[in-house]
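Dropping a structure here in structure tokens format, bear with me for questions.
The values are calculated or read from the model by the stated rules, or taken from the named source; none is laboratory data. Treat the numbers as computed from the prediction; the structure is a model and nothing was measured. A quick note on method: Cβ atoms are made from the backbone with ideal geometry, for glycine too, and the neighbour counts reach across all protein chains shown. Heavy atoms of the whole protein, side chains included, go into the accessibility calculation; ligands, DNA and RNA do not. Shrake-Rupley method; radii C 1.70, N 1.55, O 1.52, S 1.80 Å.
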Amino acid sequence: MKTWKISKKLRITQQRCILFLILVITAVLIMAWNSRGFTNWYRLHIFPIWTNLLGRISDWFSGSVGEILILAGICLVLLEIVLLPLFAVRRSRFLKYRTWNFRLLCWIFVYIYGTETLNCFVMYHASTVEEQYFQQKDDYGREELIAAYTQVVTKANELSNKVNRSADGTPVYDGSREELYEQCVKAMQAQGEVYPYLAGYYPDPKPIRASHFMSQQHLLGIYFPFTMEANYNTVMYPVNVAATICHEYSHLKGIILEDEANYFGFVACTEAEDIYLQYSGYLSVLGYLARQVRTSVPQEIRQTMETANEQVCKDDVFLTQEQWKQVENKAVFSTETVNKATNVFLETNLTMNGVEDGIHSYSRVVRLVVRYYAEKRE
């Protein structure tokens, strides 16, 4: 009888804890939707706790913990599908584990809901970098766009002849992978002097084992809120790595909007001392600016503008043709199917969190880069 009472008390306590945590997490999310001041305070003072706690725990492991947890989650779903009919049979030997299984699933739900909400969804409602740090907030004109594009393409052309290259002409970093990580951390921490939320601790970025599948999704990197890890694609063209790491690092500091993460990846790299990082940074936004120029600037004016040299054009790629062949050879599903599914997921996630233009918001980095150069000229 005594054991039964203890078990009942423990079960009730667990139920109350789960309900309490769900209510608290939901309350924080509701406050974020309704108070930008609260969200800014949360990002600056509370969010770093999760980066320092979960980020340091994940940093003990050389590989991506989030990737392992996703695989474990898939296995758990398959296991639950098998167990579900067994739990439904009244005389099944598995019946006594049904309650225990339900509690486990509840705790898993709380962890996922909590980390996704507190480490991701809330930050969608913080003030933008343009609202907080840019003096001019009105739209830019053609002249400002041309000036920004010219700055980026000129620097890219210049640096393309300065970076180290392998025998086949691929840009290579003059140092170890760990040294590249250190330079990325240094670049981001330097930005913390201007943008306080970027200051502080950064864990090592994590290479993704399933990078071929990641390439099918056209993803250079990914941020895992449930492990606080910045992950990057190891298959992509190597000069993309530095800007991608800095992009994902910005997510670890509460910068969730993709255009802003693109912007901080650009600024951190281009203002770094390392030439390789600078080149990576300029290339990371060159495509966005070039597309906007083709859309907004008449052809007769474009013909008189600076253009990317042959080497820059070769380097400004996600994957080379040879890399795409490797990806396709290892593909389980077609790249078109995987990419469409990823786009639907990203579009849904962004629109549900108040980003009305969905995945098109990535290209808003053009506005930020134009404003960045406009304010430097003033």
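Under 8 Å for C-alpha pairs, at least 6 residues apart: give me the relative contact order for the chain, rounded to a whole percent.
Values: 446 pairs, mean separation 78.8, N = 378.
In percent, rounded to a whole number, it is 21.
For a distance above 21 Å, tell me the whole-number percent of Cα pairs in segment 17-132 that qualify.
Everything past 21 Å amounts to 55 percent.
For the chain, what is the calculated [θ] at 222 nm in deg cm²/dmol (nearest 500), taking -39500 (n - 2.57) for each run of four or more DSSP H residues and dividing by its residue count?
Estimated from H runs of four or more residues: -20500 deg cm²/dmol.
List the pairs from Lys155/Lys253; Lys155/Lys340; Lys253/Lys340; Lys186/Lys206; Lys206/Lys325 whose alpha-carbon separation is above 26 Å, in the order I gave them.
Numbers: Lys155/Lys253 28 Å; Lys155/Lys340 35 Å; Lys253/Lys340 29 Å; Lys186/Lys206 17 Å; Lys206/Lys325 24 Å.
Over 26 Å apart, Cα to Cα: Lys155/Lys253; Lys155/Lys340; Lys253/Lys340.
Something else about it: In cubic angstrom, how much convex hull volume per residue do the alpha carbon atoms of segment 93-194 span? If you can, show how the numbers build up before the last one.
On the way: hull volume 28.2 nm³, N = 102.
Given the Cα convex hull of segment 93-194, per-residue volume reads 276 Å³.
Counting only the heavy atoms of the protein chains, how much of Arg364 is accessible to a 1.4 Å probe, in Å² to the nearest 10?
80 Å²
Of the options Tyr232, Met214, Thr244, report the single residue whose Cα projects farthest towards the positive end of the charge dipole of segment 180-252 (beta-carbon charges: Lys, Arg +1; Asp, Glu -1).
Most positive-ward Cα: Met214.
Once R0 is set to 56 Å, what does the formula 1/(1 + (r/R0)^6) return for the Cβ-Cβ distance between Leu23 and Asn161, expressed as a FRET efficiency to the nearest 0.05?
After rounding to 0.05, the efficiency reads 0.40.
For segment 176-284, what is the Kirkwood hydrodynamic radius in Å, using each pair of distinct C-alpha atoms?
When all Cα pairs of segment 176-284 are included, the Kirkwood radius is 13.5 Å.
Report, ordered by chain and residue number, the lysines lying within cross-link reach of Lys9, taken as a straight Cα distance under 19 Å and ignoring same-chain residues fewer than 8 apart.
Lys96
Something else about it: Given the whole protein assembly as supplied and a 1.4 Å probe, what does the accessible area of Asp274 come to in Å², nearest 10?
30 Å²
Summing Lys, Arg as +1 and Asp, Glu as -1, what charge do residues with Cβ under 12 Å from the Cβ of Gln321 carry, Gln321 excluded?
Cβ neighbours under 12 Å give a net charge of 0.
Would you report the distance distribution of C-alpha pairs in the chain as whole percents per 10 angstrom bin, up to the bin with the largest distance?
All Cα pairs, binned at 10 Å, distribute as 5, 20, 30, 24, 12, 6, 3, 1, 0 percent.
Test of the criteria: in segment 179-241, which GluC sites (Glu not before Pro) are in a DSSP loop and have at most 12 other Cβ atoms within 10 angstrom of their Cβ?
Glu193
Moving on to the next point. With Cβ to Cβ distances under 13 Å as the rule, what net charge do the other residues near Pro48 carry (K, R +1; D, E -1)?
Once all neighbours under 13 Å are counted, the net charge is +3.
List the residues, sorted by chain then number, that are 5 or more residues from Phe224 or on another chain and whose placed amide H is less than 5 Å from its amide H.
Correct list: Glu229, Asn231.
Among the chymotrypsin sites (Phe, Trp or Tyr not before Pro) in segment 137-227, which ones are in a DSSP loop with at most 15 other Cβ atoms within 10 Å of the Cβ? Mind listing them?
Tyr201
Where Lys and Arg each count +1 and Asp and Glu each count -1, what net charge lies around Val110 among other residues with Cβ under 15 Å from its Cβ?
On the way: positive: Arg16, Arg103; negative: Glu116.
Net charge in that neighbourhood comes out at +1.
What number comes out for accessible area per residue over the chain if the probe is 1.4 Å? Units Å², please.
54 Å²
A follow-up question, please. Just the Kirkwood number for segment 129-176, please: inverse of mean 1/r across all distinct Cα pairs, in Å, one decimal. Walk me through the intermediate numbers first.
Working: mean 1/r = 0.0718 Å⁻¹.
Kirkwood radius, segment 129-176: 13.9 Å.
At a 1.4 Å probe, what is the % contribution of carbon and sulfur to the accessible area of the chain?
60 percent
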